[in-house]
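Have a look at the structure below before the remarks.
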Amino acid sequence: MRKKGQALVEFIIILPIFLILMMGLFDLGRLFYLKIKLEDQISEVVDLYQANKTEEEIKEVLKLDNIEIDLEEDEEYINLALIKEVNIITPGLNLFLKNPYKLEVSRSILNEA
């Protein structure tokens, strides 16, 4: 009878730690997935930008909701960046990652103008 009680106490102690670890893995996996998705989208943004589309047209064609397009031009290069804010849901993970976490991918292309 005492072993059953001991197992229950150990389970109650370990369960919250296990759940937080699982939620953390879920959050990190979600961040990784969204980063890969942004990497795919930045290639399409570069192609559309080189086809002389405006920022609004690019957002409309690619349906970039809640994604910011950052464009910086200098004499030699054009830097395009996609920035998306992602809320972290795991308690305590926001101590290591700022909440909301900003995912950013960028590409530099030659300025041919």
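Nothing in this text is a laboratory measurement; each read-out follows from the coordinates by a stated rule. Small disclaimer: the values here were computed from a predicted structure and weren't measured. Heads up, the Cβs are rebuilt from the backbone with ideal geometry, glycines too, and the neighbour counts pull from every protein chain shown.
Can you give the longest stretch of the chain with no exposed loop site, where a site means trypsin sites (Lys or Arg not before Pro) in a DSSP loop (not H, G, I, E or B) with at most 14 other C-beta atoms within 10 Å? Could you put the intermediate results ahead of the total?
On the way: sites that count: K63, K98.
Value returned for the longest uninterrupted segment is 1-62.
Give, in nm to one decimal, the length gained when the segment between E56 and L19 is fully stretched (0.36 nm per residue of separation minus the Cα-Cα distance).
Details: separation 37, 0.36 × 37 = 13.32 nm, distance 4.19 nm.
Net length gain for the segment: 9.1 nm.
Pairs on different chains or at least eight residues apart, Cα atoms closer than 24 Å: how many lysine pairs in region 2-110 fit?
Lysine pairs meeting the criterion: 20.
Tell me the label-point distance for the pair L28, F11, using the 7 Å Cα-to-Cβ offset, in nm and rounded to one decimal.
Placing both labels 7 Å beyond Cα along the Cβ direction yields 2.8 nm.
Using amide H atoms built 1.01 Å from N in the peptide plane, name the residues 5+ places from I88, or on other chains, whose amide H lies under 5 Å from its own.
Result for I88 returns Y101.
Could you list log10 I(q)/I(0) for the chain at q = 0.12 Å⁻¹, which the Debye formula gives when each Cα is one point scatterer?
Taking Cα atoms of the chain as identical point scatterers yields -0.57.
Restrict the search to region 1-92; then list the GluC sites (Glu not before Pro) that DSSP places in a loop and that have at most 10 other Cβ atoms within 10 Å of their Cβ.
When the GluC sites (Glu not before Pro) of region 1-92 are filtered for loop state and at most 10 Cβ neighbours within 10 Å, E75, E76 remain.
Counting Lys and Arg as +1 and Asp and Glu as -1, each charge on the Cβ, what is the dipole of the chain about the Cα centre in debye, to the nearest 20?
The dipole of the chain has a size of about 1640 debye.
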